[in-house]
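What follows draws every value from the coordinates through simple rules; no lab data is involved. Source: prediction; values computed, not measured. Here Cβ is always computed from backbone atoms with ideal geometry, including for glycine, and neighbour counts include all displayed protein chains.
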Amino acid sequence: MKIACCVWALGGPEIEMLRQIHDLGFDWIDIQPSQLQTLESRLLAQELGLRVSCLGASFGMPAGAALDAGESDARQAAIAHALRAIDSAAAVHTDTVYVIPGQLPDPAALERYAESVAGLAEAAQDRDIKLAIEHFPGMALPSAGQTLDFIEDIGHSNLYLLYDSGHIQISGEDPASVISSAKDRLAYVHFDDNDGIGDLHWSLLDGVMTEESLLASLGALRSINYAGALSLELSPALPNPAVALSESRDILSRAMHRLWRR
């Protein structure tokens, strides 16, 4: 397992952001569809040895567009945006793209969302890219368990779960149990912390996450042979996001080493 970071934790021009991430010691990054779009930024990322582990396709969605929208034009606009994101992911040689759930929990909206993501999963598969759904409290798929059931009901071989530790804390699910249940349907992992109520994206161990729960999560990931990235998704509103990323990476690295010595 490798440690990555979500670049949106840092502000400023993209070139400066990439250099800062490199200086912090990261080799793997999560990006948004609007990032690494210029030749300059791609060449710099290559020069710095920064590789893309995941792309969040729901960022930058056009106003009014949604994968579960009742209006066909709004849904098609969302699908087109996600397809462009998948193309962007292929261009930067990443193997995982994710989307967030829709806002509407009613059966008709979920059916529309299912149709949308099944088509996107097929398009991603053609590019050797996994499509994942991130469970998201307050949205149509608020828990990891519900999201896994939803994925199973769709039945597409290229549809996976993106696990988020902060969201798990809000939904009150057991991290190790969720990971063990996901098994080979787990495509990607975000690590962050919070107070168990708000999606705050704090540094690790600054909220309700404990060393014991972190070790249990890592142990469960090891038991299912998860070989993907562990990506730190921290808030740009933290007092010093760069320090927070560095400290959280060290916490995660120490926990991994401690577990591996057992």
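Quick notes
- A viscosity of 1.002 mPa s and a temperature of 20 °C, combined with the Kirkwood radius over Cα pairs in Stokes-Einstein, give a translational diffusion coefficient for segment 2-72 of 162 µm²/s.
- Derived scalar couplings ³J(HN,Hα) [segment 187-197; Karplus, 6.51 cos²θ - 1.76 cosθ + 1.60; whole Hz; x for Gly, Pro]: 9, 7, 9, 10, 10, 6, 10, 6, 8, x, 10
- In terms of Cα atoms, the Rg and Dmax of segment 195-262 work out to 12.6, 37 Å.
- Debye equation applied to the C-alpha atoms of the chain, log10 I(q)/I(0) at 0.12, 0.16 Å⁻¹: -0.69, -1.26
- Average Cα contact separation per residue, the chain, under 8 Å, 6 or more apart, as relative contact order %: 18
- Calculated FRET efficiency for the pair LEU24/HIS93, C-beta based, R₀ 25 Å, to 0.05: 0.70
- Extension gain, ASN225 back to GLN46 (0.36 nm per residue minus Cα-Cα distance, nm): 61.6 nm
- Gaussian network model of the chain, Cα within-10 Å springs - most flexible of SER72, SER248, SER116: SER72
- Each Cα pair of segment 35-176 feeds into the Kirkwood radius, which the Stokes-Einstein equation turns, at 37 °C and 0.692 mPa s, into a diffusion coefficient of 209 µm²/s.
- Extension gain, GLU16-GLU211: 0.36 nm per intervening residue step, less the Cα-Cα distance, totals 66.9 nm.
- Sites HIS257 and ASP199, calculated FRET efficiency, Cβ-Cβ separation with R0 30 Å, nearest 0.05: 0.55
- Across ILE86, ILE154, ILE31, mean-square fluctuation computed from a Gaussian network of the chain (C-alpha pairs under 10 Å connected) peaks at ILE154.
- Every helix of 4 or more DSSP H residues in the chain counts as -39500 (n - 2.57), and over all residues that averages to -14500 deg cm²/dmol at 222 nm.
- Exposure proxy order (Cβ contacts within 10 Å, fewest to most) of ASP193, ASP87: ASP87, ASP193
- Most to least packed among 196-204, 239-247 [average Cβ atoms within 10 Å]: 196-204, 239-247
- Scanning the chain for long hydrophobic helices, with DSSP H runs required to stretch 24 angstrom or more by C-alpha along their axis and to average at least 0.0 on the Kyte-Doolittle scale, returns 72-91, 107-125.
- Stretchable slack from ALA237 to GLU115, in nm (0.36 nm times residue separation minus alpha-carbon distance): 40.4 nm
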